[in-house]
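> Take this structure first; my questions come after.
The values are calculated or read from the model by the stated rules, or taken from the named source; none is laboratory data. The structure displayed is predicted, hence computed values, not measured ones. Every residue, glycine as well, gets a Cβ built from its backbone with ideal geometry; the counts of neighbours run over all protein chains shown. All accessible areas refer to the heavy atoms of the entire protein, side chains included, with ligands and DNA or RNA removed. Shrake-Rupley method; radii C 1.70, N 1.55, O 1.52, S 1.80 Å.
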Amino acid sequence: MEIIATNKAPAAIGPYSQAVKVGNLLFTSGQIAINPETAQVVEGGIAEQTEQIMKNLGAVLAEAGLSYTDAVKTTCFLAEIADFATFNEIYGKYFTGKPARSCVAVKDLPKGVLAEVEVIAEFK
């Protein structure tokens, strides 16, 4: 197992890694809308938060030598299912390879954010 870490995405806020490589797969931890430069949740609604989440995931993937098109599965968590359409529109700009996905609404997310996304990607 190889730990992947970058300062271009938020540092882990607990006892976990931003991502780990196992064999030909990369497993990212869930990314939330924290700006890595300020360590603060970005202001705004679901659109602004989703954009930041995608930037954070992109940085973690890039650190591992991968991109969004290498994603094979994502898991998405929304604080409000009513945000799905906006979230989905932004998500679709990044995950153009259309990986498998689960998307669920949950009761609460860390730091009161509106969404969280984790990725499994494949090294080819």
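> Could you state the angle between the C-alpha long axis of helix 84-94 and the longest principal axis of the C-alpha atoms of the chain, as a value from 0 to 90 degrees rounded to the nearest 10?
So the inclination is approximately 30 degrees.
> Shifting gears a bit: Between the stretch 70-114 and the stretch 1-56, how far is it from one alpha carbon centroid to the other, in angstrom?
Taking the Cα centre of the stretch 1-56 as reference, the centre of the stretch 70-114 is 14 Å away.
> For the stretch 65-124, which GluC sites (Glu not before Pro) pass both filters: DSSP loop (anything but H, G, I, E, B) and at most 16 other C-beta atoms within 10 Å?
Qualifying residues, ordered by number: Glu80.
> Going down the table (Lys73/Lys111; Lys8/Lys93; Lys55/Lys93; Lys21/Lys93; Lys21/Lys111), which pairs top 23 Å between alpha carbons?
Pairs exceeding 23 Å: Lys73/Lys111; Lys21/Lys93; Lys21/Lys111.
> Now a separate question. How much of the accessible area of the stretch 18-57, probe 1.4 Å, is carbon plus sulfur, in whole percent?
Accessible surface attributable to carbon and sulfur in the stretch 18-57 totals 50 percent.
> Take the Cα atoms of the chain, find their three principal axes, and give me the spread along each one in whole Å, biggest first.
Here the spans come out as 37, 30, 22 Å, largest first.
> Once label points are set 7 Å from the Cα along Cα→Cβ at both Ala11 and Lys73, what is their separation, rounded to one decimal in nm?
3.1 nm
> Angle between the Cα long axis of helix 46-63 and the longest principal axis of the chain, 0 to 90 degrees, nearest 10?
10 degrees
> Then there is this: Report, as a whole number in µm² per second, the diffusion coefficient that Stokes-Einstein gives for the stretch 6-49 at 37 °C and 0.692 mPa s using the Kirkwood radius over alpha carbon pairs.
278 µm²/s
> Another one. Considering every pair of different Cα atoms, what Kirkwood radius, in Å, is found for the stretch 65-104?
Details: mean 1/r = 0.0930 Å⁻¹.
After inverting the mean inverse Cα-Cα distance, the result is 10.8 Å.
> Can you give me the accessible area per residue for the chain, using a 1.4 Å probe, in Å²? The partial results should precede the final answer.
Working: 6510 Å² over 124 residues.
Ligands and nucleic acids excluded, the result is 52 Å² per residue.
> Straight-line reach from Lys98: which aspartates and glutamates have a Cα under 15 Å away, not including same-chain ones fewer than 8 places off?
Cross-link targets: Asp70, Glu89, Glu118, Glu122.
> Compare Pro15, Pro99, Pro36 in a GNM of the chain, Cα atoms joined below 10 Å, and give the one with the largest fluctuation.
Pro15
> Looking at the chain as a GNM with Cα springs under 10 Å, which of Ser29, Ser102, Ser67 has the largest mean-square fluctuation?
Ser102
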